[in-house]
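The values are calculated or read from the model by the stated rules, or taken from the named source; none is laboratory data. The model shown is predicted, which means the values in this text are computed figures rather than measured ones. Note that each Cβ is placed from the backbone with ideal geometry, even for glycine, and that neighbours are counted across all protein chains shown. Side chains are part of the model used for accessible areas, which takes the heavy atoms of the whole protein and leaves out ligands, DNA and RNA. Shrake-Rupley method; radii C 1.70, N 1.55, O 1.52, S 1.80 Å.
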Amino acid sequence: MSHVQCLPPELLSYVLELACFAEAPAHTQKAAVLGRVSKLWREMVFSTPAIWTSFYVSKCGDPRNFGAPLLRSGGLLVDVHVVDEATNLKAAREQLNALAEHSSRWRN
């Protein structure tokens, strides 16, 4: 058994959360990668709502990609960031419309 497997679930969850937010905006991609490390990590990543609370609106974003993370974030407040390269107004509008349903949970 590795040392990581001996960590209390709350601590492992927090470590994975920190790892995901180390370099935004790719945190959802990191979460998916970390979830592939082991069954335990997958369970922790997908059951830690705080990992799924940041959303980035960008020129290449797809609003369909927000559904699962919004569900995984539970009832937590979420952060919505419009990144500098969100120059494609149609794409940005579609993404914001997808998030608007949850606007009561927006922290910023």
Per residue accessible area in Å² of the chain, where ligands, DNA and RNA are left out and the probe is 1.4 Å: 63
Ordering of 52-63, 71-82 by packing [mean C-beta count within 10 Å, highest first]: 52-63, 71-82
Longest segment of the chain with no GluC sites (Glu not before Pro) in a DSSP loop having at most 13 other Cβ atoms within 10 Å? 24-84
Simple spin-label model, 7 Å along Cα-to-Cβ: residue 19 to residue 5 in nm? 1.6
Mind checking the full-extension length gain between residue 68 and residue 107? Use 0.36 nm per residue of separation minus the Cα-Cα distance, one decimal, nm. 12.2 nm
Candidate values (i) 1.14; (ii) 3.57; (iii) 2.38, label of the one derived for Cα Rg over 2.2 N^0.38 Å: (i)
Amide H to amide H under 5 Å from residue 80: which residues, 5+ apart in sequence or cross-chain, H placed 1.01 Å off N in plane? 55, 107, 108
Would you list, by chain and number, the aspartates and glutamates whose Cα falls below 13 Å from the Cα of residue 90, excluding same-chain residues fewer than 8 positions away? 62
